[in-house]
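What follows is calculated from the coordinates using simple rules that are stated; it is not laboratory data. Owing to the predicted nature of the structure, the values given are computational and were not obtained by experimental measurement. Note that we place each Cβ from the backbone using ideal geometry, even for glycine, and neighbour counts take in every protein chain shown.
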């Protein structure tokens, strides 16, 4: 991806999530994103931004886009939480049907120690642990 294409991607991320950086910050932002995403294809990155805009209310960081490009099957943190809560609900009702879980979700469940998280604070805790596992995997 060239620098002009990257600039379009970053500007689109800012527009999708209503982020208004100060003009003095833009060069640093572009450089940071370019460092992580320059090896990726513009069309692929643009498609990932579209997918993330549909899935998540939080703006992606460049690492999130990179990981999605490298392993497109890695669920977003919001989707992983949704899967976790679905499984927890099934287990509570006795109607659990085993499914193939993404390895990052399995690691998170193991770290947490089960399916007893359900509050908003628990969600934040889950997402933090999940994100740490994903970040370690794609360093």
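Summary of computed values
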| item | result |
| --- | --- |
| Value of Rg to Rh for the chain (Rh from inverse mean 1/r over Cα pairs, i.e. Kirkwood) | 1.04 |
| Nearest-ten-degree value, helix 42-55 long axis tilted from longest Cα axis of the chain | 50 |
| Potential extension, residue 46-residue 18 segment - 0.36 nm per residue separation minus Cα distance | 8.4 nm |
| Length-normalised contact order for region 3-70 - Cα pairs under 8 Å, 6+ apart - percent | 42 |
| Prolate/oblate/rounded label for region 77-137 (Cα gyration tensor, a/c 1.5) | oblate |
| At R0 = 30 Å, FRET efficiency that the Cβ-Cβ distance of residue 85 and residue 54 yields, to 0.05 | 0.95 |
| Mean separation of Cα contacts under 8 Å, 6 or more apart, over the residue count of the chain: relative contact order % | 20 |
| Potential lengthening between residue 36 and residue 73 on full extension [0.36 nm per residue; Cα-Cα distance subtracted] | 11.4 nm |
| Sites residue 26 and residue 115 - FRET efficiency at Förster radius 35 Å, r taken between beta-carbons, to 0.05 | 0.20 |
| Per-pair calculated FRET efficiency, R0 = 25 Å: residue 122 and residue 95 via Cβ, rounded to 0.05 | 0.70 |
| Compactness of region 43-117, expressed as Rg and Dmax over alpha-carbon positions, Å | 14.2, 44 |
| Residue exposure sequence - 58, 33, 81 - by fewest surrounding Cβ within 10 Å | 58, 81, 33 |
| Cα long-axis angle, helix 26-37 against the chain (0 to 90 degrees, to the nearest 10) | 60 |
| Degrees, to the nearest 10: 77-93 long Cα axis against longest axis of the chain | 10 |
| Contact order normalised by residue count of region 77-137, Cα under 8 Å, 6+ apart, percent | 44 |
